[in-house]
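Okay, structure first, notes after.
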């Protein structure tokens, strides 16, 4: 690092609104996680479908907040947002198809 | 030296796709990071989907939860496997430690986004502070994961009854006390692959922290590198949210 010039860069004050919003999102993520734990211990294992669907939906909500707000995708160009979101369809498709495959394999095996 | 933007807007009369501009209004580096993350999402999804396939091909334990014991014939109930906390030997605390790990990683994501916000204001001191907290969070998470692995490999008190009448403790890639071999294999592979991403993320974060401290981004005129590495770090957190759900909760 050689000689450093004295540059005049104005440091803007913190954007209180945005910081408050970020902490709100963090709080929402925390609350959702606590609800997940609540369901994990509160809802009996016999009600498997309710448990699994609750976890999946809450995870997707958390993912939406992380990607939309923390990664700022919701505020980017719509084209960019859809470039990322549309291919997710293939992941969901594979997930459903392969879990069904697995269950079929399990039926044959046992 | 003013605040230089890395985004190139179209010249008058030209459209976004006529070349020499930043399509989708983001810089090249940021766009490529997004597409890399999309590809990495497919890689992790491939692992998790395979896990879904293999797990649904195994038998499920159908007795009452209180009478659950480990067995090679059915997939274990995760909260029975992950029920320990460091320094509290013998305490049964299902999923508490992994909850702490999740909290640490989400908090480090929050400190990361605060670093990004500070960078956009050219506030170097604040960027340094928040990056340092993020790196600390990452190192904490890795340490916790290392303990999880060590405890998983070492095994819990009860062990698992084996055919010859002896007990098997702990886990390796061929056999484990908790359930079928696939259970340990997937645990190591998925959390290991994720942990490797956390590790590389910590290294990248440290590099960017070093660059911030030595004034590289101040001279460059923008802190977009903090944003790009922030995207990677949030992705790592996002993957953990999914791993946590599908491995520990479901």
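The values are calculated or read from the model by the stated rules, or taken from the named source; none is laboratory data. This is a predicted model, so every value here is computed, not measured. Don't worry about glycine lacking a Cβ; one is built from the backbone with ideal geometry, like all the others, and counts go over all protein chains shown.
Check B:71, B:84 and return the single one that is more than 10 Å from chain A (Cβ to nearest Cβ), in contact (Cβ under 8 Å) with a residue 60 or more places away in the chain and touching a helix residue (DSSP H, G or I) at 6+ places or on another chain (Cβ under 8 Å).
Of B:71, B:84, the one residue that is more than 10 Å from chain A (Cβ to nearest Cβ), in contact (Cβ under 8 Å) with a residue 60 or more places away in the chain and touching a helix residue (DSSP H, G or I) at 6+ places or on another chain (Cβ under 8 Å) is B:84.
Looking at the structure I just gave you, is residue B:99 farther than 23 Å from residue B:142 by Cα and within 25 Å of the chain's Cα centre (by Cα)?
No; evaluated as a whole, the condition is false for this residue.
Can you pull out the residues in segment A:41-53 that are more than 8 Å from every other protein chain (Cβ to nearest Cβ) and assigned to a helix (DSSP H, G or I)?
A:42, A:48, A:49, A:50, A:53
Sort through A:19, A:105 and tell me the only one that's surrounded by fewer than 17 Cβ atoms within 10 Å (Cβ to Cβ), within 28 Å of residue B:100 (Cα to Cα) and within 9 Å of chain B (Cβ to nearest Cβ).
Result: A:19 is the single residue among A:19, A:105 that is surrounded by fewer than 17 Cβ atoms within 10 Å (Cβ to Cβ), within 28 Å of residue B:100 (Cα to Cα) and within 9 Å of chain B (Cβ to nearest Cβ).
Does any residue of segment B:24-39 turn out to be facing another protein chain (nearest Cβ under 10 Å), within 21 Å of residue B:146 (Cα to Cα), outside any loop (DSSP other than H, G, I, E, B) and touching a residue at least 24 places away in the same chain (Cβ under 8 Å)?
no
Quick check on segment B:121-133: of everything there that is touching a residue at least 60 places away in the same chain (Cβ under 8 Å) and either at the interface with chain A (Cβ under 8 Å from one of its Cβ atoms) or closer than 25 Å to residue A:37 by Cα (or both), which residue is nearest to the chain's Cα centre (by Cα)?
That would be B:124.
Consider residue A:56 carefully, then state whether it is more than 18 Å from the chain's Cα centre (by Cα), facing chain B (nearest Cβ under 9 Å), free of Cβ contacts under 8 Å to residues at least 40 places away in the same chain and under 30 Å from residue B:59 (Cβ atoms).
no
Whether any residue in segment A:88-110 is in contact with a strand residue (DSSP E or B) (Cβ under 9 Å, 6 or more places away or on another chain) and not in a helix (DSSP H, G or I) is what I want to check.
Yes: segment A:88-110 contains one or more residues that are in contact with a strand residue (DSSP E or B) (Cβ under 9 Å, 6 or more places away or on another chain) and not in a helix (DSSP H, G or I).
Scan segment B:11-23 residue by residue and report those that are within 11 Å of chain A (Cβ to nearest Cβ), part of a loop (DSSP other than H, G, I, E, B) and at pLDDT 80 or above.
B:22
Name the single residue that is farthest from residue B:30 (Cα to Cα) among those in segment A:72-83 being within 7 Å of chain B (Cβ to nearest Cβ) and in contact with a helix residue (DSSP H, G or I) (Cβ under 6 Å, 6 or more places away or on another chain).
The selected residue is A:79.
Would you check if there is a residue in segment B:95-117 being closer than 30 Å to residue B:5 by Cα, surrounded by fewer than 18 Cβ atoms within 10 Å (Cβ to Cβ) and free of Cβ contacts under 8 Å to residues at least 12 places away in the same chain?
There is no residue in segment B:95-117 that is closer than 30 Å to residue B:5 by Cα, surrounded by fewer than 18 Cβ atoms within 10 Å (Cβ to Cβ) and free of Cβ contacts under 8 Å to residues at least 12 places away in the same chain.
Hey, residue B:174 hits all of (1) assigned to a helix (DSSP H, G or I); (2) over 21 Å from residue B:79 (Cα atoms); (3) free of Cβ contacts under 8 Å to residues at least 12 places away in the same chain but one; which does it fall short on?
The failed condition is (1).
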